[in-house]
Amino acid sequence: MSMLSLLDYAGVAVFAATGALSASRKQLDIIGYLFFGAVTGIGGGTLRDLILGQAPVFWVRDPTYLVITTAAAIAVFLSANRFESRYRLLLWLDAAGLALFCVMGAEKGLAATGSPLLALVTGILTATFGGILRDLLAGEPSVLLRPEIYISAALTGSALFVLSLAFGAAPWLALLSGALVAFLVRGGALKFGWTLPTGRAKPGRDPDVVMPPRRRDDQQET
Amino acid sequence: MSMLSLLDYAGVAVFAATGALSASRKQLDIIGYLFFGAVTGIGGGTLRDLILGQAPVFWVRDPTYLVITTAAAIAVFLSANRFESRYRLLLWLDAAGLALFCVMGAEKGLAATGSPLLALVTGILTATFGGILRDLLAGEPSVLLRPEIYISAALTGSALFVLSLAFGAAPWLALLSGALVAFLVRGGALKFGWTLPTGRAKPGRDPDVVMPPRRRDDQQET
Amino acid sequence: MSMLSLLDYAGVAVFAATGALSASRKQLDIIGYLFFGAVTGIGGGTLRDLILGQAPVFWVRDPTYLVITTAAAIAVFLSANRFESRYRLLLWLDAAGLALFCVMGAEKGLAATGSPLLALVTGILTATFGGILRDLLAGEPSVLLRPEIYISAALTGSALFVLSLAFGAAPWLALLSGALVAFLVRGGALKFGWTLPTGRAKPGRDPDVVMPPRRRDDQQET
C-alpha cells in the first residue's frame, strides 16, 4: 500500500521539522538540528516497533527515513529565522504529525496484533512519543500538559480509522478520514482553545511542601 | 502460578493510580488520566520485557493490563477531589507498586536469565521505571531524587525474594515476604524519613556557574 | 576482537562514573550512586541493542558490565568529596565516554547492518543516550543543550571510524583514531568553548507567552 508509505514519510518529515524548530529555539548548531529532527521524527515509530517486537526498527530496515529527517532539519535550519513564531509553527506541524501518525500507528498495531484496543494504543503512542521526547530533550514544557485537547485528538483519529475499517471502508478512506478528523480536532483545540472537562481537579501543590524532604542540616552549599 | 498474575495486576493498578493522580495534579482531562495511568502502570514492565528480549511486550500479549490501567485511572478521575493530599496518596500507592513490582520483576528476570544478579536489576528496573516515566512526563521532581530510601527498598525486596528461593522457600512465600519487606522499608522511609548515608557529598552547584556556557553576545532575546 | 571489549568496558566505566557524580551532586545514598552509574553506563548501549534487534541486550548476555558500573560508582562514592568540581570532572569523563562509545556504537551498527549511514546513527546514539538519561533522571540541564560542540564530536569520531575502514585501515587503527579525534574535538570544545554556527537563531520565547494556555478561572490553588 503505497499511500501508507507516503503518509508515513510525510508524518516523519513534519515531526522532524518540529524537532528542528526546538533545536532552533535552543540555539543549537546544525548537527543539533539533525539530532532533534531525527529523534522527534522517528521516536514514536521506534517505540511502536519495539513494543510490537518488530526489531530492527523501521528506519534500520529503510534508512530513507533518516534522509527525510535530515532534509527536514536542514530546511528548518535555513528558514527558521523567517518565522515570526517558531513555537506556534511547531505546534501546528506537531498537529499535522499527530494526525498522520495516529492512523499510521493504529494501522501497524492492527496489522501486527489484530486487536482494535491495541491499535488505539499504538496509534496514540506513535502519535505522541516523538513530541514527548522532543520536549524532554529540549527541556521545554511538555505539549502533553497543555490544557487544550491533544492526546484525545490522536485517540479520535485512531478510533475513526479502526471503526471505518470495521464498517468495511476502504483502507485509504479509513486512513485519510482518521488523519483529517484528528487534525481538525487538534487544530480546533489550538485555534479555539478546546478542552475536555478536567473533573474539577485543583492544581497540585509543590511536592516539597506536601512532603518536605528531611535532609541533615550539617551541610552547606558549595 | 496464579498468585503471580494477581500480584502483577495489583501492582499495575496501584501504579496506574499514581499516574492518574499526577494527571489530576496537572489538571489534565479524562484522556490524560488514562494516558498517564497506562504509561505509569505498564512502563516498568515494558522496559523489563524489552531488555529481556520478550517482545511483543506483556500487555500486547494480554490486553487485560490496559483494562486495569483504564479502570484505575477512571476511579481516580472520579474520586481525586476527595483526597486531602493527592501527592501523599501518590507516594503511598507508589510504595505499594514498588513493593509488588520489585518481586515480580525479579521473578521474571530470574526465570528469563537464571542469574540472581540480573534478577536484582530487573526487579529494581521494573519497580522504579514506571514512576520515573510518570515524573518525567508530568514535569514533577523525580521521586528518585527524594532523600528517603527508595531504590534501596526495591533492592531489599528483590534480594529477599532471590535469597528466599535460594534457601528453598516456596515461591509464594518468597514473593509475599519480598513484597512485604520492600513495602515496610519504603513505608518506614515515608513515615519516619529513613535515609541511608550519603557519603558527606555536598549539593552540586549550578552547572552554568561551574562551566559557564560561552555564547556569542550579538543576539538579543526575541 | 579483544581491544573492542576493552574499549567497551572502559567506556562503560567512565560513563558510570559520570552517573555516580550526578548522584553525588544530588546527595543520593550509595544505592543511588549504583543506580545512576548503571543507567548512565549501559543506557546508550541498551538503546543501540534494542534498535538493532539484539535482545536480550548486551549486559544481560554479559553481566560483567554491571560489575564494572558498580565498581565505578563505588569508587566515586568513596572519592567524590576530594574533587574541587564534580561537574567539571563529569564533563571530562563524559567526553572520554562519548569518544569511546561513538566508535563502539558505529562498529556494532556497521556489523549489524552493513550500512555506513546507520553506523553513524548508532555511533551517535550510543555515545549520547547514556548522558541524556543521566541528565533527565537527575533533573540537570542536558549536556545536549550546552553551546559547545557535543553531538558533532560523536559524529566526527563515528565518521572517521567508518571512513578509515572504508579506506582499508586495520580495525584497531580505525577504532583508536576515531575515539582519539572525537575526544580531541569534544575536549577542545570544553577547554576553548568551540562552537559551530547556529544559523543566527534567536533564543525561543516562553511557550506560555507565545501560546498562553487558556484555563478556566474558577479554580484556586490548594
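The values are calculated or read from the model by the stated rules, or taken from the named source; none is laboratory data. The structure presented is a predicted model; accordingly, all values stated were derived computationally and were not measured. Glycine also receives a Cβ, built like all others from the backbone with ideal geometry; neighbour counts cover every protein chain displayed. Surface accessibility is based on the protein's heavy atoms, side chains included, excluding ligands, DNA and RNA. Shrake-Rupley method; radii C 1.70, N 1.55, O 1.52, S 1.80 Å.
Residues of segment A:1-23 falling in the label zone of A:Arg82, defined by backbone nitrogen less than 20 Å from a point 7 Å along Cα to beta-carbon, are A:13-23.
For segment B:114-222, which whole percent of the accessible surface, found with a 1.4 angstrom probe, sits on carbon and sulfur atoms?
67 percent
Considering only B:Ala13, A:Leu145, B:Ser177, whose Cα is most displaced toward the positive end of the charge dipole of the protein assembly as shown, charges sitting on Cβ of Lys, Arg (+1) and Asp, Glu (-1)? Result: A:Leu145, furthest along the dipole toward the positive end. Near C:Gly123: Cβ cut-off under 11 Å, other residues only, Lys/Arg at +1 and Asp/Glu at -1. The net charge is +1. Approximating the spin labels as points 7 Å out from Cα along Cα→Cβ, the A:Leu180-to-C:Ser2 distance works out to 6.7 nm.
Summed over all non-identical Cα pairs, the Kirkwood treatment of chain C gives a radius of 18.3 Å.
With 0.36 nm allotted per residue and the present C-alpha distance subtracted, the C:Thr64-C:Ala111 stretch has 14.7 nm of extension available. Can you figure out the FRET efficiency of A:Arg205 with C:Phe167, using R₀ = 41 Å and their beta-carbon distance, to the nearest 0.05? E between A:Arg205 and C:Phe167, to the nearest 0.05, is 0.10. Ordering A:Thr46, A:Tyr33, A:Leu120 by the projection of their Cα atoms onto the charge dipole of segment A:1-122, which places +1 on the Cβ of Lys and Arg and -1 on the Cβ of Asp and Glu, puts A:Tyr33 at the extreme positive end.
Rg/Rh for segment A:74-121 stands at 1.26; both radii use Cα atoms, and Rh follows the Kirkwood definition. Per residue, segment B:83-172 exposes 31 Å² of accessible surface when a 1.4 Å probe is rolled over the protein heavy atoms with every protein chain present. Per residue, the convex hull spanned by the Cα atoms of segment A:1-96 amounts to 97 cubic angstrom.
How large is the dipole of segment C:78-222 about the Cα centre if only Lys and Arg carry +1 and Asp and Glu carry -1, each at its Cβ, rounded to the nearest 20 debye?
With only Lys, Arg, Asp and Glu charged at Cβ, the dipole is about 260 debye.
The calculated pair-distance distribution of segment B:85-146 uses every alpha carbon pair, bins of 10 angstrom beginning at 0, and gives 24, 45, 24, 7, 0 percent. Taking a straight line from the alpha carbon of A:Lys26, these lysines sit under 29 Å away, with near neighbours fewer than eight places off in the same chain left out: A:Lys191, B:Lys26, C:Lys26, C:Lys191, C:Lys202. Between C:Thr70, B:Ala159, C:Ser85, the Cα set farthest toward the positive side of the dipole of the protein assembly as shown (charges on each charged residue's Cβ, about the Cα centre) is that of C:Ser85.
Shielding value for A:141-150 is 6, the average number of Cβ atoms from other chains within 10 Å of each residue's Cβ. Legend: mean number of C-beta atoms from other chains within 10 angstrom of residue C-beta atoms, peptide C:55-67, equals 4.
For C:Leu4, the shell of other residues with beta-carbons less than 13 Å away shows a net charge of -2, using +1 for Lys and Arg and -1 for Asp and Glu. Compactness of segment B:99-178 is given as radius of gyration and Dmax, 13.2, 44 Å, from Cα positions.
The Cα atoms of segment B:20-61 cover 37, 15, 8 Å along the three principal axes, with the biggest extent listed first.
Considering every alpha-carbon pair of segment B:38-139, the percent of pairs per 5 Å bin, from zero through the bin containing the longest distance, is 3, 13, 20, 24, 19, 11, 6, 3, 1, 0.
Entry note, chain B: the mean residue ellipticity at 222 nm calculated from DSSP H runs of n ≥ 4, each adding -39500 (n - 2.57), is -24500 deg cm²/dmol after division by the residues and rounding to the nearest 500. Sorted shortest first, the separations between the C:Pro203 label point and its copies elsewhere in the assembly read 2.3, 2.3 nm; each point sits 7 Å from Cα along the Cα-to-Cβ line. Let a ≥ b ≥ c be the square roots of the eigenvalues of the Cα gyration tensor of segment A:129-222; is it rounded (a/c under 1.5), or, if not, prolate (a/b larger than b/c) or oblate? Here segment A:129-222 falls in the prolate category.
The charge dipole of the protein assembly as shown, taken about the Cα centre with unit charges on the Cβ atoms of Lys, Arg (+1) and Asp, Glu (-1), comes to about 680 debye, rounded to the nearest 20. For the protein assembly as shown, the ratio of Cα radius of gyration to the globular rule of thumb 2.2 N^0.38 Å stands at 0.91.
For the options C:Gly204, C:Gly114, C:Gly11, a Gaussian network treatment of chain C with springs between C-alpha atoms closer than 10 Å singles out C:Gly204 as fluctuating the most.
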